[in-house]
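The values are calculated or read from the model by the stated rules, or taken from the named source; none is laboratory data. For clarity, every value in this text was computed on a predicted model and none was experimentally measured. So basically every Cβ, Gly included, is an ideal-geometry build from the backbone, and we count neighbours across all protein chains shown. These area figures cover heavy atoms from the full protein model, side chains too; ligands, DNA and RNA do not enter into them. Shrake-Rupley method; radii C 1.70, N 1.55, O 1.52, S 1.80 Å.
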Amino acid sequence: KRPYADQWNFGVQQQVTSSAVLTVNYVGSVGRKLDVGGAYNVALTPGPGVPQTRAPFPYIGATAYDRSVGKSSYNALQASMHGNWRHGLTYLISYTWSKSLDLGCSGWYGVEGCSIQNPYNLQADRGPSATDLPHIFSAAWVYTLPFGKGQKLSSSNGVVNTVVGNWNLNGVLSMSSGTPFDVGTGSDIANTGNYNYGNGYGYERLNLTGSPYPSTKTPAEWINTAAFQVPAQYTFGTLGRDSLRSDWSKGLDLSIFRQFPIEERVRLEFRFEMFNATNTPVWAVPVTNHDAPNFGTVTSTANTARQLQFGLKLYF
């Protein structure tokens, strides 16, 4: 069936100074009739023996099947401050505090790649969406450096003013919560004949028996592996779907540029840009398969190393 979404929002906007405006919004939405994929005609309950003998239609095997029964919800507080400072600074600061939930890996196709433990109890697979980021902060600015003719710091030497004047510094600082994930085993412990989709392990999550994180997270030990246990035979795991978090994202991009007038309608712009200027790594999701020898270990980063870029742009 065709999915649909209802969306609503309301907010206030206030000028707090002569050059700054504060905006605060509440934003909400719900999705209904979302696609939920997975394996169906698996065994109705965990247990010993051949799983298909416990299936609704034992004369055919388990098969991939999609239903329009998924649900999602999103609620957020969004705040931003936009201003123009009289000393050549323009800025936009934004913060979002939100929660995104969905049911049974709603819309997993191409997004999450998750498996449902029990297709007959989708409520047990209700949890944070794959895109759930509770905290998102960003600050962007453009700053005209106070050097050169007509600026606060000018020189009586025209050559010096020409060299040091008309430079602008741009920056974008961004930070957000880590992405959600869970951990499990590739074995069919419940013995239901369920499929194992490409989520890093299989359909069955582990049991949580202690604190999921060590006192200090490191790439070598991002989760407390001793706190996770394989479920008992013929049972489902109790760990909530997407109940763990990877490293929080942080990044700083900087650029400095200057324009050189050539003619009335022609100008040349020089740019020097740094992406991930601090060269700070953001660790990716660790190995989620309990059966793997490096279970719980981070093997890659979710961002790229520092990149430097020079550029010339001709406007005409």
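What to note about this one:
- Residue-wise HN-Hα coupling along the range 16-28, computed from phi with Karplus coefficients 6.51, -1.76, 1.60 (Hz; x: Gly, Pro): 8, 9, 5, 10, 9, 10, 9, 10, 10, 10, 9, 10, x
- Annotation for the range 262-306: trypsin sites (Lys or Arg not before Pro) lying in DSSP loop with at most 16 further Cβ atoms inside 10 Å of their Cβ are ARG265, ARG306.
- Exposure check, 1.4 Å probe, all protein chains in place: LEU145 carries approximately 30 Å² of accessible surface.
- Normalising the average separation of contacting C-alpha pairs (under 8 angstrom, six or more residues apart) by the number of residues puts the relative contact order of the range 23-98 at 36 percent.
- J(HN,Hα) series, the range 184-191, from Karplus relation 6.51 cos²θ - 1.76 cosθ + 1.60, nearest Hz, glycine and proline x: x, 10, x, 8, 8, 5, 5, 6
- Of the trypsin sites (Lys or Arg not before Pro) found in the range 1-51, those that fall in a DSSP loop while having at most 10 other beta-carbon atoms within 10 Å are LYS1.
- When nucleic acids and ligands are ignored and a 1.4 Å probe is applied, LEU89 ends up with an accessible area of around 40 Å².
- Think of the chain as having a plus end and a minus end, set by charges on the Cβ of Lys, Arg, Asp and Glu; of GLY37, THR179, VAL287, THR179 sits farthest toward the positive end of this dipole.
- MRE, 222 nm, helices only [DSSP H, n ≥ 4, -39500 (n - 2.57), over the chain, to nearest 500]: -500 deg cm²/dmol
- Accessible-area value, LYS250, 1.4 Å probe, nucleic acids and ligands omitted, Å²: 40
- Sorted from greatest to least, the principal axis extents spanned by the alpha carbons of the chain come out as 92, 44, 38 Å.
- Extent along the principal axes, Cα only, for the range 1-77: 74, 27, 14 Å, with the longest axis given first.
- For the range 258-316 versus the range 124-140, the gap between their alpha-carbon centres in whole angstrom: 23
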